[in-house]
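Before any comments, here is the structure.
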Amino acid sequence: MTFFSYKDGEMHAEGVALGAIADKVGTPFYCYSAGALRAAWQEFADGIKGFDADICYAMKANSSLAVIRLFGELGAGADIVSVGEMRRALAAGIPAGRIVYSGVGKKASELMAALEAGVGQINVESSAELETLNAVAGQLGVRADITIRVNPDVDAETHAKITTGRKENKFGIDIDLAREAFRLAGGLPNLRVVGVAMHIGSQLTSLEPYRAAIVRVRELIGQLREDGHRIERFDIGGGLGIVYAAEKPPAVGDFVALVGRETAGLGCKLTFEPGRRLVGEAGVLVSEVILVKPGAAKTFVIVDAAMNDLIRPTLYEAWHDIVPVRERPGAATIRCDIVGPICESGDFLAQDRDLPPLAAGDLVMVRSAGAYGAVMASSYNSRPLVPEVMVDGTRFAVTRPRPTIDEMLAAERFPPWVEPPGTE
Ligand code: LLP
């Protein structure tokens, strides 16, 4: 089922014309389809039927309260990496006990806040963190349920900036040093070791790296049990890829089935931490063409969304499909760069694309922008943070309004020793 499609020549999100949203909200804006989010969730829910497994939505991919709430209502837990994300998960109604706290550098104050809130599981990534967490838990008089995240040293075959399971990446504890870390954890009175966690990378389009990593972790689990640890949970992490261009990512059902096969007989409860796969294809970025500048080498289509709104193209050389909101069947195409108005050559959404000729005022839609889009946006060049809209059937609502420039300025202060302007 496609949730973004042309109807009567105009791109719609479900039953709502994107142009109608643009008229109301202005551009640029992110638009999420509730139907697409539910459908993506359902694939996971169907996949894990019959398994002892939990799905903790990796909300770093899209931490809109509306999105978290939608998944929460469907039964999701949350995978968080900061106290800010924890507060969002709680505000969206995710029970604290269904929150998993990951991250390579958690501060004592953050661990304290997590334990005070009753977060269900902390995935520890270093011996130093074990000691800190033990001390914090002792101060609070609680025992923290932890897994240790191991780094299985496999190649996730993805972009270098989003691969996490190689020895040279900062994440997890080297699998060869893991027994030692578990021994340390087992001796700390305020920690209860409940399992092992891994996460090998993001936008994986092959199952082989998962298989290789699970084989390695499975062997480790055997050794840990020989060492006397109770390993009840295996957190697989996230990482399953989506379609941006012509990728053929595995079906969720095949992914879960592979995990099920490779962990069969282990007697561990599984945790899945999908982010991108749940939200990526369910969101688009809509932007208006400001002007078109024909150049000697190519044509520049300057739009009102920029690298501060969607940084993936320039940061990861990511390819996002871009289509005109008004359908142009059979139109001849021209080669162009779709760029933003920011003063940097790296400010582009697409390069060397063949698109029907565009003119000032036309709307374009950037596909597969629901994951790592709005969450990575900034207000660089004093551009207001891009708003977010959710569509559900024929309804739509602004779930995060665009801040006004006045609101942005009001958040700042002059130092007290500086005379504010206009007071002389
Ligand atoms: N669990 C852990 C511990 C993670 O570090 C991540 C993502 C996930 C789960 C979710 O992974 P996913 O299912 O979304 O692939 N900004 C980059 C992606 C960074 C991913 C970081 N970790 C991008 O735009 O491609």
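The values are calculated or read from the model by the stated rules, or taken from the named source; none is laboratory data. Since this is a predicted model, take the numbers as computed values, not measurements. For neighbour counting, all protein chains shown are included, and Cβ atoms are generated from backbone atoms with ideal geometry for every residue, glycine included. Remember, those area values only see protein heavy atoms, side chains included, never the ligands or the DNA or RNA. Shrake-Rupley method; radii C 1.70, N 1.55, O 1.52, S 1.80 Å.
If you filter segment 368-416 down to residues that are under 22 Å from Phe4 (Cα atoms) and of a type in the set (Gly, Ala, Ser), you find that the one that is nearest to the ligand (Cβ to nearest atom) is Ala371.
Picking from residues in segment 169-188 that are within 16 Å of the ligand (Cβ to nearest atom) and open to solvent by 40 Å² or more (accessible area, probe 1.4 Å), the one that is nearest to Cys268 (Cα to Cα) is Phe171.
Going by the structure shown, is Arg218 open to solvent by 60 Å² or more (accessible area, probe 1.4 Å), over 23 Å from the mean Cα position of the chain (by Cα) and not hydroxyl-bearing (Ser, Thr, Tyr)? For Arg218, the condition - open to solvent by 60 Å² or more (accessible area, probe 1.4 Å), over 23 Å from the mean Cα position of the chain (by Cα) and not hydroxyl-bearing (Ser, Thr, Tyr) - is met.
For segment 133-156, taking the residues that are more than 11 Å from Pro189 (Cα to Cα) and part of a strand (DSSP E or B), the one that is farthest from the ligand (Cβ to nearest atom) is identified as Asp145. Of all residues in segment 76-88, those being over 11 Å from Ala114 (Cβ atoms) and either at pLDDT below 95 or open to solvent by less than 30 Å² (accessible area, probe 1.4 Å) (or both) number 4. You will find that of Ala53, Ala61, the residue that is within 16 Å of the ligand (Cβ to nearest atom), over 23 Å from Val284 (Cα atoms) and hydrophobic (A, V, I, L, M, F, W, C) is Ala53 and no other. Hey, can you tell me all the residues within segment 13-37 that are under 18 Å from the mean Cα position of the chain (by Cα) and small (Gly, Ala, Ser)? If the condition is that a residue be under 18 Å from the mean Cα position of the chain (by Cα) and small (Gly, Ala, Ser), then Ser33, Ala34, Ala36 are the ones that fit.
Taking (1) closer than 30 Å to Pro357 by Cβ; (2) within 16 Å of the ligand (Cβ to nearest atom); (3) hydroxyl-bearing (Ser, Thr, Tyr) in turn, Thr205 satisfies each apart from (1).
From the list Gly26, Gly19, Gly50, Gly97, which one is at pLDDT below 95 and over 24 Å from Ser202 (Cα atoms)?
Working: Gly26 fails: at pLDDT below 95; Gly19 fails: at pLDDT below 95; Gly97 fails: at pLDDT below 95.
Within the list Gly26, Gly19, Gly50, Gly97, the selection yields Gly50.
Restricting segment 215-252 to residues that are away from the ligand (no atom under 16 Å from the Cβ) and closer than 30 Å to Val323 by Cβ leaves a set whose member that is modelled with the highest pLDDT is Lys248.
So which residues in segment 411-422 are open to solvent by 70 Å² or more (accessible area, probe 1.4 Å) and not aromatic (Phe, Trp, Tyr)?
Here is the first cut: in segment 411-422, the residues open to solvent by 70 Å² or more (accessible area, probe 1.4 Å) are 411-414, 416-417, 419, 421-422.
Result: Ala411, Glu412, Arg413, Pro416, Glu419, Pro421, Gly422.
Checked against the criterion of being open to solvent by less than 10 Å² (accessible area, probe 1.4 Å), among the hydrophobic types (A, V, I, L, M, F, W, C) and under 24 Å from Leu270 (Cα atoms), the candidates Ala137, Ala96, Ala92 yield just one match: Ala92. Take the conditions (1) in contact (Cβ under 8 Å) with a residue 60 or more places away in the chain; (2) open to solvent by 30 Å² or more (accessible area, probe 1.4 Å); Leu191 misses just one of them, which is (2). Answer with yes or no whether Ile200 is within 16 Å of the ligand (Cβ to nearest atom), under 23 Å from the mean Cα position of the chain (by Cα) and surrounded by fewer than 23 Cβ atoms within 10 Å (Cβ to Cβ). No, not satisfied. Checking each residue in segment 140-192 for being among the small types (Gly, Ala, Ser) and within 22 Å of Gly222 (Cα to Cα) picks out Gly165, Gly172, Ala178, Ala181, Ala185, Gly186, Gly187. A count restricted to segment 57-91 and to residues that are in contact with a strand residue (DSSP E or B) (Cβ under 6 Å, 6 or more places away or on another chain), outside any loop (DSSP other than H, G, I, E, B) and of a type outside the set (D, E, K, R) stands at 9.
Elements of the type strands (runs of 3 or more DSSP E) sitting completely within segment 1-56 and holding at least 3 residues that are open to solvent by 20 Å² or more (accessible area, probe 1.4 Å): these cover 4-7. Look at segment 92-111: where a residue is more than 22 Å from Ala76 (Cβ to Cβ) and more than 15 Å from the ligand (Cβ to nearest atom), no partner that is among the aliphatic types (A, V, I, L, M) and part of a loop (DSSP other than H, G, I, E, B) sits 6+ places away or on another chain with Cβ atoms under 6 Å.
Number of residues in segment 298-316 that are away from the ligand (no atom under 15 Å from the Cβ) and of a type in the set (S, T, N, Q) equals 1. All but one of (1) β-branched (Val, Ile, Thr); (2) buried (at least 23 other Cβ atoms within 10 Å of the Cβ); (3) more than 26 Å from the chain's Cα centre (by Cα) hold for Ile236; state the number of the condition that does not hold. Condition not satisfied by Ile236: (3). Scanning segment 125-159 for residues that are among the charged types (D, E, K, R) and at positive phi gives Asp153, Glu157.
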